[in-house]
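Laboratory data are not the source of any read-out in this text; all were calculated from the coordinates shown. The structure displayed is predicted, hence computed values, not measured ones. Don't worry about glycine lacking a Cβ; one is built from the backbone with ideal geometry, like all the others, and counts go over all protein chains shown.
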Amino acid sequence: MELLIASKNTGKIREFREILHSILGLDINSLLAFPNYNPPEETGTTFDENATLKAVQAAKELGLLTLSDDSGLIVPALDNRPGVHSRRFAGPEATDHENCLKLLRELEGKTGLERQAYFECVLVLATPEKVIKTVSARVEGYIIEEEKGRSGFGYDSIFMKHDYDKTFSELSEDVKNRVSHRRKALDLITPTLEHLVHEATLKNS
């Protein structure tokens, strides 16, 4: 059974593939295989709304079972920003490094609880006809004072999970994929995917 990941973000796609590879019979594709497809503008005010927009449009236009995510970093001391604007916090074409620098500047002078933050991930699974399931998960931590680490993407280089002494960028991919917000959300949606694969197998047998 084919599953389309409604993303062109290579970091996210790699995480999805790594975490979902254990589901036998699931063939994972992404929007990188559809260069002429134009994703919808993310006009939602919540992760849920944006994830739904992306899943529903891709599923309908490409005719595939589609899994989309919308995720970002939330800093309560900054009125819950960057939030849904995480990817373009420092501007529409901002790099991960530029987004991190902007966040660090806005947190200058803040200490302790003021640097608390969490990553949130919302996943939406849709067929061309309807939304099948929506799940969400988060991982809590805090923002350090300077970037550390060379792997990962987004705000990984400045986010440190509680009870850890390394940023997400410093953790090995294997460790990050066990504790991330995306992993937690995928764990919640995996039973649904396994059920769909089972049904497809029975139908084709």
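Some values worked out for this structure:
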| read-out | value |
| --- | --- |
| Local electrostatic count, residue 126, Cβ distance below 11 Å [Lys/Arg +1, Asp/Glu -1] | +3 |
| Separation between Cα centres of the stretch 1-74 and the stretch 138-205, rounded to whole Å | 15 |
| The stretch 1-48: relative contact order in percent, alpha carbon pairs under 8 Å with at least 6 residues between | 46 |
| Over the chain: helical MRE at 222 nm, DSSP H runs n ≥ 4 each giving -39500 (n - 2.57), nearest 500 | -11000 deg cm²/dmol |
| Residue among 25, 168, 185 farthest towards the positive dipole end of the stretch 2-204, charges placed on Cβ | 25 |
| Between helix 10-20 and the chain: long-axis angle, C-alpha atoms, 0 to 90°, nearest 10 | 60 |
| Among 136-142, 148-154, the order from most to least packed when residues are scored by Cβ within 10 Å on average | 136-142, 148-154 |
| Residue of 132, 19, 189 that the Gaussian network model of the chain assigns the largest fluctuation, springs spanning Cα pairs under 10 Å | 132 |
| Cα-based convex hull, the stretch 48-102, per residue volume (Å³, whole number) | 91 |
| Pairs from 110/161; 60/133; 54/110 whose Cα-Cα separation, in the structure shown, is over 24 Å | 54/110 |
| For the chain: Kirkwood Rh in Å [reciprocal of mean 1/r, alpha carbons] | 17.6 |
| Radius of gyration and maximum dimension Dmax of the stretch 105-154, Cα, Å | 16.6, 50 |
| Rounded to the nearest 20 debye, dipole of the stretch 1-119 from Cβ charges on Lys, Arg, Asp, Glu | 180 |
| For the stretch 48-163, alpha-carbon Rg and Dmax in angstrom | 15.9, 50 |
| FRET efficiency, residue 97 to residue 203 (Cβ-Cβ, R0 41 Å, nearest 0.05) | 0.30 |
| Residue with peak Gaussian network fluctuation, the chain [Cα springs, cutoff 10 Å], from 193, 78, 53 | 78 |
| Ascending count of other beta-carbon atoms within 10 Å, so fewest first, for 8, 130, 161 | 130, 8, 161 |
| Value of relative contact order over the chain, rounded to a whole percent, pairs C-alpha under 8 Å and six or more apart | 19 |
| Options 103, 137, 113, ranked by Cα towards positive dipole end of the stretch 2-204, top entry (Cβ charges) | 137 |
| Degrees separating the helix 181-204 axis from the principal Cα axis of the chain, which is the longest one | 10 |
